[in-house]
Amino acid sequence: MSAPDIDRSGGFQIRDLKKLFGGGGSLKQFGILGALVVIIIIFQVWTGGKTLQPGNIINIVQQYSYILILAIGMVMVIIAGHIDLSVGSVAAFTGIIVALAMKDWNFPWWAAIILGLVVGGLIGAWQGFWVAYIGVPAFIVTLAGMLIWRGGNQFIGDSATVPVGTGFQVIGKGYLPEFGPNFGVNNATMLLGILVVLVLIGLEVRGRRTRKVMGASAAPAWISVVRVVVLGGVVLIAAYLFATGRVGTSFPVSGIILAVLVVAYSFLTNKTTIGRHIYAVGGNKHAAELSGVNSKRVNFFVMMNMSVLSALAGMIFVARSQASGPFDGTGWELDAIAAVFIGGAAVSGGIGTVAGSIIGGLVMAVLSNGLALKGIQSDLVQIIKGLVLLIAVGVDVFNKSQGRPSIIGLMTRNKSGQGPIEDLTSAQVTPGGGTPDTAVPADLPR
Amino acid sequence: METGRSSHPTILEMQSITKEFPGVKALDSVSLTVKAREIHAICGENGAGKSTLMKVLSGVYPFGTYAGDIVYEGAVVRFRDIKQSEAAGIVIIHQELALIPELSITENIFLGNEPGRHGVINWVEAQRRAVELLARVGLDDDPDTQVKNIGVGKQQLVEIAKALNKNVKLLILDEPTAALNESDSQHLLDLILGLKGKGISSIMISHKLNEIEQIADQITIIRDGKSIETLDVKADGVDEDRIIRGMVGRTLGNRFPEHTATIGDVFFEVRNWTVQHPLTTERLVVKNSSFTVRRGEVVGLAGLMGAGRTELAMSIFGRSYGKFISGQVFKDGEEIKLRTVAEAIGHGIAYVSEDRKSLGLNLLDTIKRSVVSAKLGKISRGSVVNELAEAQVSEEYRKSLRIKTPTVEEGVTKLSGGNQQKVVLAKWMFTDPDLLILDEPTRGIDVGAKAEIYQIIRDLAAQGKGIIMISSELPELLGVSDRIYTIFEGKITNELLVAQADPETLMRSMTSSSQKVVA
């Protein structure tokens with residue numbers, strides 16, 4: 001296929017619109033992000049405005065932050081071609097140890113958190129050892145782990161509930177503090193929102209400059225402006241909502257932890273060598289090994305990392321519920337896995353993004369929350385969640401089998417922080433109308 | 001046709017078969033006539049189109065995806081899948097055996113063809129028939145033995161028993177002896193001859209010309225997707241040299257770059273390299289092989305598929321294949337240890353695999369990510385990848401290697417085979433290697449891209465790098481190399497300067513372990 005000229009004029013182009021939030025040649029690029037927006041709007045209308053009330057969105061963040069934290073680790077495990085079923089049990093096991101450490105051994109809350117992370121690391125090292133160095137499939141190792149750590153929780157805690165102190169509860173129940181003059185909003189939250197908008201603007205400017213240095217064509221300037229305005233607007237509105245809740249509430253601490261992790265892990269998966277190696281091992285293990293990648297170390301890392309994040313999620317949950325119990329974290333693995341797959345990861349590995357998984361997790365969160373607001377019974381909620389998972393992945397698989405660009409494919413194309421603008425090509429470069437997919441060579445005979 | 005009236009009627013006639021893949025004409029008006037009670041050999045270089053032809057015949061490529069007619073037992077047949085061709089008595093036994101290792105011999109023989117009623121298998125009947133079939137192929141193992149517990153030679157016999165159970169009339173064997181030792185091979189050849197006596201015709205694809213000479217009645221030679229000639233072994237007095245001439249007899253043309261090599265000193269040397277098969281401990285895939293590479297030199301490694309060339313290369317490249325037994329590697333006069341791929345890359349060695357799609361590339365990746373993937377550290381600070389450098393580096397390679405793509409952010413699957421190969425080459429050039437091992441660098445790519453790849457290879461040599469080029473295409477080896485080693489059954493059998501080499505000599509050394517003639 002030859003390289004046709006790409007229009008570099010500054011004029012208005014319909015396809016420029018598409019570059020706003022994605023790079024592909026069709027509306028599918030909005031994919032799961034669009035689905036999230038639609039679901040939010042539907043529930044907002046259906047619940048008579050309850051969905052986007054400050055109290056409710058604060059609740060959503062607090063209630064689902066630990067699932068989303070698990071989804072971050074899970075997507076890396078799934079990209080590498082594995083699965084982790086033990087996350088809920090690891091969370092519960094860590095929770096009971098941390099609770100007991102504070103109650104019986106008088107650990108201060110901060111030392112208990114460190115202890116919890118260390119416990120998670122040790123569990124992860126154990127599971128990673130079996131997966132990476134012995135070669136037992138992660139499904140089996142973590143199925144065993146699911147039993148072992150659940151049993152461990154109930155054995156150590158005597159199947160009882162162990163309360164935790166208020167200092168520790170901050171990571172699950174805490175909010176950004178109040179300070180400064182009273183404008184009727186939470187100043188810290190608004191300040192955070194403004195800070196995020198500034199960072200967005202900075203990234204956009206830097207992204208455009210990088211593109212220029214690379215000699216590639218950037219989208220017209222108005223695209224950048226519109227993008228910053230839309231994204232910045234969403235952030236500011238969200239900040240305002242979080243800042244105007246019931247007195248004493250604001251943006252939750254667990255949300256801050258989640259946001260920091262999302263940024264850190266997006267960076268790790270996109271911009272670091274270990275991130276590249278995870279994608280490489282999941283995409284083609286043999287090719288990766290022949291390129292000098294130590295696949296065992298990669299597998300060990302993703303399994304260990306998952307358990308550390310599980311420990312963190314477990315501690316946040318314990319903090320929020322003010323106690324560690326014998327059935328904490330039951331079924332979490334399924335929520336996390338569902339979030340990852342709705343967010344565009346492939347069962348066969350090599351494909352997936354942190355951002356996609358977070359959006360996938362938010363879809364599930366808003367769905368569950370909205371249905372609960374409407375008073376739908378939990379049995380029906382489960383049925384609906386199951387169908388959403390099946391349909392979301394089914395549509396994507398079907399699209400791919402039809403040779404159409406998949407939502408998954410488009411999402412993974414835009415991995416970097418500079419975001420969608422990067423992808424200047426896939427919008428139909430062939431004037432003749434042939435899609436690039438037709439250039440895929442069939443398997444040739446030997 | 002006159003053959004139709006002879007004592008042996010024609011069982012199969014493939015008329016002007018043409019089969020195209022996107023961008024490649026794999027078969028171009030190929031004709032093949034097989035008589036009843038005949039062993040018909042098909043000879044040709046790798047990639048000549050032999051296997052494609054057999055896939056057309058057996059319905060793997062169904063009717064409608066090829067042009068031309070297949071006349072079988074006097075009528076035009078249109079197979080839509082293997083089931084239909086098998087029902088007609090045409091059974092193909094592939095190079096990679098299609099047996100299930102965990103199942104017993106009996107279970108394998110009747111797989112997909114189980115005796116019994118309403119889906120309930122009659123194991124007594126199956127057992128009885130299995131014993132009978134095994135006797136016919138001369139296998140006296142317990143039919144309850146798991147297939148993984150018998151050797152490759154016996155597995156081959158199980159395949160034939162399986163074919164006999166399907167009332168085979170025309171048996172197609174694709175490289176049946178490639179993985180067998182000498183006595184197993186002989187047993188198999190005798191069996192094929194025996195089947196012929198019982199009225200079963202065979203089509204045999206083989207690189208082992210001595211075997212063909214021994215058992216074939218007719219030989220059809222295929223070259224570049226065309227049927228060149230059909231030889232009658234007895235009437236025409238065919239010998240190996242005659243077959244070789246047919247296989248390679250094409251003009252080299254000027255698709256190879258003009259070059260004057262400036263060859264330096266020996267800088268890379270492998271001594272007494274011996275490697276064991278990863279699973280079968282008694283099998284050595286590389287035996288006591290030694291060779292040298294000079295700076296600025298393209299060293300050809302000529303061998304047919306299965307000769308041990310890839311195994312040799314991969315075992316040197318960080319022990320990526322088999323079990324290391326013995327041998328030493330020297331670079332710039334000092335012995336180096338290459339225990340892992342990372343160590344090999346660190347010592348400036350690059351290996352471009354023959355299997356681009358499963359070993360060379362992550363097909364989910366973009367071009368730019370692929371290009372830097374074998375030495376990410378080079379564009380990273382700490383462990384943070386500099387994406388600007390990544391884009392710049394891959395953009396340079398896109399230009400210098402003329403990779404046809406609108407941008408380096410395109411996924412590698414969207415490229416043609418030739419351009420994918422350029423990406424793989426870029427990936428390894430990026431590692432700043434001193435020695436590049438190129439395994440079938442032009443496999444499955446079209447002629448134009450081939451010429452470009454040849455030019456890239458010569459350019460790399462001109463920069464003073466050493467190149468080992470593995471290929472089974474003799475014109476390519478002769479056109480690009482400065483010196484050529486031949487390899488047969490894991491042993492280096494000959495070494496020739498390109499000026500002294502000709503296709504016949506090479507093919508002879510590639511198909512038999514003749515005396516080593518050191519140039």
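The values are calculated or read from the model by the stated rules, or taken from the named source; none is laboratory data. Just so it is clear, the structure is predicted and the values come from calculations on it, not from any experiment. All Cβ positions, even for glycine, are placed from backbone atoms using ideal geometry, and neighbour counts span all protein chains on display.
Each residue in segment B:409-460 was checked for being surrounded by fewer than 23 Cβ atoms within 10 Å (Cβ to Cβ) and aromatic (Phe, Trp, Tyr), and 2 pass. Among the conditions (1) buried (at least 17 other Cβ atoms within 10 Å of the Cβ); (2) small (Gly, Ala, Ser); (3) out of contact with any Ser or Thr (no Cβ under 9 Å at 6 or more places or on another chain), residue A:275 misses just one, which is (3). For segment B:345-356, taking the residues that are in contact with a helix residue (DSSP H, G or I) (Cβ under 8 Å, 6 or more places away or on another chain) and at the interface with chain A (Cβ under 8 Å from one of its Cβ atoms), the one that is surrounded by the fewest Cβ atoms within 10 Å (Cβ to Cβ) is identified as B:353.
Looking only at residues of segment B:165-182 that are in contact with a helix residue (DSSP H, G or I) (Cβ under 8 Å, 6 or more places away or on another chain) and of a type in the set (S, T, N, Q), we find that the one that is farthest from residue B:151 (Cα to Cα) is B:165. Scanning segment B:98-135 for residues that are over 27 Å from residue B:188 (Cα atoms) and β-branched (Val, Ile, Thr) turns up B:120, B:121, B:124.
Find the residue count for segment A:82-107, including only residues that are assigned to a loop (DSSP other than H, G, I, E, B) and touching a residue at least 60 places away in the same chain (Cβ under 8 Å). Qualifying residue count, segment A:82-107: 5.
Per-residue answers, yes or no, for (1) of a type in the set (S, T, N, Q); (2) modelled with pLDDT of 90 or more; (3) surrounded by 22 or more Cβ atoms within 10 Å (Cβ to Cβ):
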| residue | (1), (2), (3) |
| --- | --- |
| B:34 | no, yes, yes |
| B:43 | no, no, yes |
| B:49 | no, no, yes |
| B:53 | no, yes, yes |
| B:57 | no, yes, yes |
| B:73 | no, yes, no |
| B:90 | no, yes, yes |
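Where helices (runs of 4 or more DSSP H) fall wholly inside segment B:375-483, the ranges with 3 or more residues that are under 30 Å from residue B:494 (Cα atoms) and of a type in the set (D, E, K, R) are B:447-462.
Selection of segment B:398-408 for residues being surrounded by fewer than 21 Cβ atoms within 10 Å (Cβ to Cβ) and at the interface with chain A (Cβ under 7 Å from one of its Cβ atoms) yields B:404, B:406. At least 1 residues being more than 26 Å from residue B:331 (Cα to Cα) is the threshold, and among the strands (runs of 3 or more DSSP E) wholly inside segment B:215-285 those reaching it are B:218-223, B:226-232. Within segment B:309-352, the set of residues being farther than 29 Å from residue B:473 by Cβ, in contact (Cβ under 8 Å) with a residue 24 or more places away in the chain and basic (Lys, Arg) comprises just one member, B:323. Of all residues in segment B:312-333, which are crowded, with 22+ Cβ neighbours inside 10 Å and either within 14 Å of another protein chain (Cβ to nearest Cβ) or farther than 17 Å from residue B:179 by Cα (or both)? Hits for segment B:312-333 are B:313, B:314, B:315, B:316, B:317, B:318. As a summary of the residue check, residue B:230 satisfies the conditions (1) at pLDDT 90 or above; (2) among the β-branched types (Val, Ile, Thr); (3) outside the structural domain of residue B:20 (by TED's automatic domain parsing) except for the one numbered (3).
For every residue, the table says whether it meets (1) facing another protein chain (nearest Cβ under 8 Å); (2) part of a helix (DSSP H, G or I).
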residue	(1), (2)
A:254	no, yes
A:258	no, yes
A:261	no, yes
A:266	no, yes
A:274	yes, yes
A:279	yes, yes
A:286	yes, yes
A:292	yes, no
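Of the residues A:95, A:81, A:23, the single one that is within 14 Å of another protein chain (Cβ to nearest Cβ) and modelled with pLDDT of 90 or more is A:81. The sole residue among B:442, B:366, B:405 that is without any contact (Cβ under 8 Å) to a residue 40 or more places away in the chain, of a type in the set (S, T, N, Q) and either under 30 Å from residue B:266 (Cβ atoms) or touching a strand residue (DSSP E or B) at 6+ places or on another chain (Cβ under 6 Å) (or both) is B:442. For segment B:106-130, a residue qualifies if it is loosely packed, with under 13 Cβ neighbours inside 10 Å and among the aliphatic types (A, V, I, L, M), and the qualifying residues are B:120, B:124.
A single entry from B:303, B:246 fulfils the requirement of being at pLDDT below 95, in the same structural domain as residue B:486 (by TED's automatic domain parsing) and buried (at least 17 other Cβ atoms within 10 Å of the Cβ): B:303. Scanning segment B:369-384 for residues that are touching a residue at least 12 places away in the same chain (Cβ under 8 Å) and either aliphatic (A, V, I, L, M) or facing chain A (nearest Cβ under 10 Å) (or both) gives B:369, B:370, B:371, B:372, B:373, B:374, B:375, B:379. Within segment B:409-422, the set of residues being within 7 Å of chain A (Cβ to nearest Cβ) and basic (Lys, Arg) comprises B:414 only. Just checking, which of B:464, B:490 is touching a strand residue (DSSP E or B) at 6+ places or on another chain (Cβ under 7 Å), assigned by TED's automatic domain parsing to the domain that holds residue B:305 and in contact (Cβ under 8 Å) with a residue 40 or more places away in the chain? Testing whether each residue is touching a strand residue (DSSP E or B) at 6+ places or on another chain (Cβ under 7 Å), assigned by TED's automatic domain parsing to the domain that holds residue B:305 and in contact (Cβ under 8 Å) with a residue 40 or more places away in the chain leaves just B:490. Would you call residue A:317 away from every other protein chain (no Cβ under 14 Å) and assigned to a loop (DSSP other than H, G, I, E, B)? Criteria not met by residue A:317.
Residue A:229: buried (at least 18 other Cβ atoms within 10 Å of the Cβ), at pLDDT 90 or above and of a type in the set (Val, Ile, Thr), yes or no? In short, no. Considering only segment A:28-72, state which residues are within 26 Å of residue A:344 (Cβ to Cβ) and among the polar types (S, T, N, Q). Correct list: A:29, A:44, A:51, A:62, A:63, A:65. Could you tell me which numbered condition residue B:189 fails, if it satisfies all but one of (1) touching a Leu at 6+ places or on another chain (Cβ under 9 Å); (2) buried (at least 21 other Cβ atoms within 10 Å of the Cβ)? Among (1) touching a Leu at 6+ places or on another chain (Cβ under 9 Å); (2) buried (at least 21 other Cβ atoms within 10 Å of the Cβ), the lone unmet condition for residue B:189 is (1). Evaluated against (1) of a type in the set (Val, Ile, Thr); (2) crowded, with 19+ Cβ neighbours inside 10 Å; (3) over 20 Å from residue B:54 (Cβ atoms), residue B:168 falls short on exactly one condition, (3). In the set (1) polar (S, T, N, Q); (2) more than 24 Å from the chain's Cα centre (by Cα); (3) more than 20 Å from residue A:58 (Cα to Cα), the condition left unmet by residue A:269 is number (2). The residues listed here are B:262, B:280, B:274; of these, the one that is more than 14 Å from every other protein chain (Cβ to nearest Cβ), more than 23 Å from residue B:440 (Cα to Cα) and under 23 Å from the mean Cα position of the chain (by Cα) is B:280.
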